[in-house]
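Values in this text are rule-based calculations from the coordinates and carry no lab data. A quick note: this is a predicted structure, and the numbers were derived from the prediction, not measured. For neighbour counting, all protein chains shown are included, and Cβ atoms are generated from backbone atoms with ideal geometry for every residue, glycine included.
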């Protein structure tokens, strides 16, 4: 059965090409001649020379589809990109308190202030650590679980659903669950350590500055490693069996087979999962807010919590906007290259 | 421990690597379900039951209640 999706790119490409060339250019015949249709002949005969740009505009599919993409496009430009631009302008003011902002004197003072603010340094460092540790750990656990699931096991669908279940929870619910899990007296984490005879390792996970960030990373990994598992499992299933068999015939051990042959082919899965994880890590505000409120402390403060604290707790709108712009730049720094690579590959 | 025709170690005809695989999968199932179980078990406890047990323990006999669910459903219905 021919799928419409497979036919569509070819049709669009040829149509775009014809749009670019315009209908006024005659098609070239395979024998070297030119095909001139009757409409062109009559136009030439009457001497009516319609300007080519007008003709192109009339026949352009871009203009034809304008009523469909125009209104939502305008809304996105106004409410998304317009809001980002306005936020940037606010970060250049000195707006504080309940009054209206003054746009008379714009400066980069807030950004200079950020650079000399120790709490920003701590929040920036923690955000980076959270991004990297959470992403790497989630990908690693997701890959491991996907490989385990890819061994033709029984009850695969049930097990897969259980692994993916935490992904369906909100950060708020996850935070409440893990606040119980990490409870130093009655929490399951310390209970398990005690029952294994590792009572010396029990900690006040959420109040000890040494372990706060690690505890957050672990809880977030619990929530999102199931998502990585699904992405990796799809990638694993797309690899032809012949490659497994060829590696086996060559005498590769299971570890070597995965490390040298299979995992390198999962680069696209890793990229797409990593981008989603980084975006979620940048939005981990709810999780930290439920656990610690507006003051998680220097050891667990991240930029999104700092932004909220500065803007809505201290009512320093301009400074909060500057923090938000840094956060936006970080998100763009991750998503921008990814989108560019996708565009270059023609997958966008 | 013996080795089957496949070359995999086995005990009494049971493939050890498959047993290890299922053990690992089961451990991961417990890891993913434990926080959910804590939340669900707590939702069926009375305040006393919550204070006297660990979050992941099932509600003790006589401390099982659906009060929290009733309160929540009434609260959610308000304004509809």
With a 10 Å cut-off between alpha carbons and a GNM built on chain A, which of A:300, A:146, A:234 moves the most? A:234
Calculated from DSSP helices alone, with each H run of at least 4 adding -39500 (n - 2.57) and the total divided by the residues of chain B, [θ]222 nm to the nearest 500 comes to -18500 deg cm²/dmol
Roughly speaking, what % of Cα-Cα pairs in chain B are separated by over 22 Å, rounded to a whole number? 55
Mind sorting A:125, A:185, A:56 by how few other Cβ atoms lie within 10 Å of their own Cβ, fewest first? A:185, A:125, A:56
Using a 10 angstrom cutoff on alpha carbons, build the Gaussian network for chain A and name the most mobile of A:249, A:315, A:186. A:249
Hey, with R₀ at 60 Å, roughly what FRET efficiency would residue A:54 and residue A:248 work out to, going by the Cβ-Cβ distance, to 0.05? 0.40
Using the Kirkwood radius over Cα pairs, work out the Stokes-Einstein diffusion coefficient for segment A:278-348 at 37 °C and 0.692 mPa s, in µm²/s as a whole number. 245
Note to self, chain A gives a 222 nm [θ] from helices alone (DSSP H runs n ≥ 4, -39500 (n - 2.57) apiece, / all residues, nearest 500) of -20000 deg cm²/dmol
Among A:301, A:104, A:117, A:313, what is the fewest-to-most ranking by other Cβ atoms within 10 Å? A:104, A:313, A:117, A:301
Using Cβ contacts closer than 10 Å as the measure, can you line up B:21, A:198 from fewest to most? A:198, B:21
Counting only backbone N atoms under 20 Å from a point 7 Å out along Cα-to-Cβ of residue A:100, the residues of segment A:294-318 in range are A:316-318
For chain A, what relative contact order do you get, as a whole percent, if you take Cα pairs closer than 8 Å and at least 6 residues apart? 23
With a ≥ b ≥ c taken as the square roots of the eigenvalues of the C-alpha gyration tensor of the protein assembly as shown, please select rounded if a/c is under 1.5 and otherwise prolate if a/b is larger than b/c or oblate if it is not? oblate
Cut-off 12 Å, label point 7 angstrom out along Cα-to-Cβ of residue A:332: give me the residues of segment A:86-126 whose amide nitrogen falls inside. A:86-89
Kirkwood Rh over alpha-carbon pairs of segment A:205-348 plugged into Stokes-Einstein at 25 °C, 0.890 mPa s gives a D in µm²/s of 135
FRET efficiency, residue A:256 to residue B:24 (Cβ-Cβ, R0 25 Å, nearest 0.05): 0.80
Given R₀ = 56 Å, what would the calculated FRET efficiency be for residue B:40 paired with residue A:81, taking r from the Cβ atoms and rounding to 0.05? 0.85
